[in-house]
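What follows is one structure encoded as structure tokens, with my remarks underneath.
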Amino acid sequence: MIRAFTLALLLAGCGGGQPDHAAGHPGGHGHGHAGHQHDFSDVERFAAMFDDPERDAWQRPADVVALLELEPGMTVADVGAGTGYFLPHLSPAVGPEGRVLALDVEPAMVEHMRRRAAEAEMGNVEARVVAADDPGLSGVDRVLIVDTWHHIEDRTAYAHRLMRGLSEGGLVLVVDFTEDSPHGPPEAMRVAPHAVQTELRAAGFDAEIVPSELPYQYVVRARRP
């Protein structure tokens, strides 16, 4: 099913280059897809791309995090967190009483996030290796999934697992590439926002496409009733 959350983290383009569909695609997070397996053991090499400051101009992490409607004390899961690009934004948003779960299937990336959190003194961050087909959530208030949804083969089943892991009133924020984005996976792998909305609704979510200022990505927000 899903081979590595970090495939979408190949940010050819965030530093001014062009997308390389053979190696991956620009984005924040992502599941690897069958036929697109890569060696992420050289984490520092990828971190230089994934966390390039130029990425902020189009990823707009503060705007994305604002759409999560986080409050102090909440637990938020960053599914497919890669090198932890969003951690400096999520950690202060939930405060010292909150928790940030940084989840990825690639052990090297998870170890990198543990070091990153320790060095930045983000004591509310817990980085975990998770199964490819199940993030293993329980009692979570918010879930962030950036540039990852299109890599999941059985997305409705995955949405059901997200539903089970959310607290009442919790929400999932899916951010993924638009059809005409210059970044992202090959056209055949892209998922339209209405399809994401339908998949989440099939799992019982109240899902809506929400306006955003992201130039290359759309946002679907799904709330557990």
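Return yes or no: is ASP141 among the charged types (D, E, K, R), modelled with pLDDT of 95 or more and either surrounded by 15 or more Cβ atoms within 10 Å (Cβ to Cβ) or touching a Phe, Trp or Tyr at 6+ places or on another chain (Cβ under 7 Å) (or both)?
It is true that ASP141 is among the charged types (D, E, K, R), modelled with pLDDT of 95 or more and either surrounded by 15 or more Cβ atoms within 10 Å (Cβ to Cβ) or touching a Phe, Trp or Tyr at 6+ places or on another chain (Cβ under 7 Å) (or both).
In the stretch 171-189, what residues are in contact with a helix residue (DSSP H, G or I) (Cβ under 9 Å, 6 or more places away or on another chain) and either assigned to a loop (DSSP other than H, G, I, E, B) or at pLDDT 95 or above (or both)?
VAL172, LEU173, VAL174, VAL175, ASP176, PHE177, THR178, GLU179, HIS183, GLY184, PRO185
So which of THR148, THR156 is crowded, with 16+ Cβ neighbours inside 10 Å and polar (S, T, N, Q)?
THR148
Among the numbered conditions (1) in contact with a Cys (Cβ under 7 Å, 6 or more places away or on another chain); (2) surrounded by 17 or more Cβ atoms within 10 Å (Cβ to Cβ), tell me where GLY82 comes up short.
Result: GLY82 fails condition (1) only.
In the stretch 190-217, which residues are assigned to a loop (DSSP other than H, G, I, E, B) and touching an Asp or Glu at 6+ places or on another chain (Cβ under 8 Å)?
Passing the criteria: ARG190, VAL191, ALA192, SER212, GLU213, LEU214.
Would you confirm whether or not the stretch 121-131 contains a residue that is out of contact with any strand residue (DSSP E or B) (no Cβ under 7 Å at 6 or more places or on another chain) and crowded, with 22+ Cβ neighbours inside 10 Å?
There is no residue in the stretch 121-131 that is out of contact with any strand residue (DSSP E or B) (no Cβ under 7 Å at 6 or more places or on another chain) and crowded, with 22+ Cβ neighbours inside 10 Å.
The values are calculated or read from the model by the stated rules, or taken from the named source; none is laboratory data. A quick note: this is a predicted structure, and the numbers were derived from the prediction, not measured. Ideal geometry is used to build each Cβ from the backbone, glycine not excepted, and the neighbour counts take in all protein chains shown.
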